[in-house]
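Written below as structure tokens is the structure these notes are about.
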């Protein structure tokens, strides 16, 4: 699915914000417009990840972007409002971002982030907002026990008041009742039953007066929140969030299709899909799952030393990124999870070699683009390219003692590969790196399939 992306630029206050002794710059959030077959319908904004320790919410918006088709209406999605907090699995690296919408000092490191979120909320085309969270315990209107009581936030759908004077969707209570009813059609056990939580924010909850949804309704934007219990496993949190999203879309009249069976088992498989990859600056592609760690002497552009978040990253997933670590390595992040660690070799990146010709298992030569993962059973051969050098990491050419190996026009066989240099724990995938002088010109990953 092609999703239109808008990068939100944030001016960063580098002097503030400390986490485990390291200074962390706020990371820009991204906005995605989902393709629609008919734009004449309603327009809504769906958001998550304002608090970084709520993986159920941002994994749900990630799956929404990947696996749903919009038939009528318009959906803008911000899957992670606070990527820096998500990467550290922190409620808020600079404090709770969802308590900064009333008043905020211009010196707060996230001041510009808040202004950009407000701009998204106040866009003229946004008719309703659905904001997703993971909350503790299970909300109940009356006290039952420590985990089921009015102070818990898990498994409830939230409004700040019954209604606002705006058309359409000002009937907040009626709409959230539809969300709750739909979510409850898929309840896995009675404990998980959803309830409406009206916080009566204007008169009863000063803390919630600082929140995103209260800011929205006080600016005549219908806003709703949906929580899944932190007690639940990830697959169930995501399941209930997707039920909530679907209930919300039905309530406001947006038509959609989902291309998978909605159950926790399927969700778990989608989250840990072994086919998920990510690309770095279009020259490198790696599998997201099952990487060895660390990846040593791994080419990274010089600019990544100081501008890592400006480095183009592409993936099927919308919650993948890179993060500097205190030991000068780079973490490969999938939401809060660290999938691998790169020990970077910072080099100039050269984009003048779009592809090479390779013979796989003795077959006729075919063109292979940089940043490709290509399968072979027993061997491959790379045809020479004038002005460039090929280096197969994990292969030693007989008699070659050069510090800069040249492995064009050489038969590379599976049984000659040194397994310790494979990038994956199954010892199947190996790096083929290309250089133009001292500059890195691209990588192809060879996957020796059984």
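Every number here is computed from the coordinates shown, using simple stated rules; none is lab data. In this text, all values refer to a predicted model and were calculated from it rather than measured experimentally. Reconstructed Cβ throughout: ideal geometry from the backbone, glycine too, with neighbour counts over all protein chains shown.
Which residue fluctuates most in the GNM of the chain (Cα springs below 10 Å): 72, 118, 420?
It is 420.
Using Cβ counts within 10 Å as a stand-in for footprinting exposure, how do 279, 402 rank, fewest first?
402, 279
For n ≥ 4 DSSP H runs only, could you compute -39500 (n - 2.57) per run for the chain, divide by its residues and tell me the 222 nm figure to the nearest 500? Kindly include the intermediate steps, with their values, before the conclusion.
Values: 8 runs with 79 residues, N = 450.
For the chain, the value works out to -5000 deg cm²/dmol.
Nearest 10 degrees, 0 to 90: what angle lies between the long axis of helix 234-252 and the longest principal axis of the chain (Cα atoms)?
Computed tilt is about 60 degrees.
Would you list 226, 197 from fewest to most Cβ contacts within 10 Å?
Working: 226 29, 197 21.
Arranged by neighbour count, lowest to highest, 226, 197 become 197, 226.
Going by alpha carbons, how many degrees (0 to 90, nearest 10) lie between the helix axis of 111-121 and the longest principal axis of the chain?
70
For the chain, what does the relative contact order come out to in percent, with C-alpha contacts under 8 Å and a separation of six or more?
Details: 1024 pairs, mean separation 57.1, N = 450.
For the chain, the relative contact order is 13 percent.
I need the shape label for the range 355-448. Rule: rounded when a/c is under 1.5, else prolate if a/b > b/c, else oblate, with a, b, c from the alpha carbon gyration tensor. Don't skip to the answer; put the middle values down first.
Working: a/c = 1.35, a/b = 1.13, b/c = 1.20.
Here the range 355-448 falls in the rounded category.
Let me make sure I get this right: for the range 48-190, a, b and c are the square roots of the gyration tensor eigenvalues over alpha carbons, sorted descending. Under 1.5 in a/c it's rounded, otherwise prolate if a/b > b/c, else oblate. Which is it? All intermediate terms of the calculation are to be shown ahead of the outcome.
Details: a/c = 1.40, a/b = 1.14, b/c = 1.22.
Taking the square roots of the gyration eigenvalues as a ≥ b ≥ c, the range 48-190 is rounded.
Please give the helix 172-184 orientation as an angle from the longest Cα principal axis of the chain, in degrees from 0 to 90, rounded to the nearest 10.
60
Which ordering of 64, 347 is given by a fewest-first count of other beta-carbon atoms within 10 Å? Before the final figure, lay out each step's value.
Details: 64 27, 347 16.
Taking fewest neighbouring Cβ atoms as first place, the list is 347, 64.
Taking Cα pairs under 8 Å and at least six residues apart, what relative contact order does the range 83-242 come out at, in percent?
Details: 259 pairs, mean separation 47.6, N = 160.
Taking the mean separation of contacting Cα pairs over the length of the range 83-242, I get 30 percent.
Of all DSSP beta bridges in the chain, what percent run antiparallel (nearest 5)?
Working: 55 of 89 bridges.
For the chain, the DSSP antiparallel bridge percentage is about 60.
Shape verdict for the range 4-271, please, from the Cα gyration tensor: rounded (a/c under 1.5), prolate (a/b greater than b/c) or oblate. Each step should come with its number before you reach the end.
Values: a/c = 1.26, a/b = 1.17, b/c = 1.08.
Cα axes put the range 4-271 in the rounded bin.
Indicate, rounded to the nearest 5 percent, the antiparallel portion of the DSSP beta bridges found entirely in the range 4-271. Could the numbers behind the result be given before it?
Numbers: 16 of 40 bridges.
If I count the DSSP bridges inside the range 4-271, around 40 percent turn out antiparallel.
Among 415, 89, 198, whose mean-square fluctuation peaks in a Gaussian network model of the chain (Cα, cutoff 10 Å)?
Of 415, 89, 198, the Gaussian network model singles out 415 as fluctuating most.
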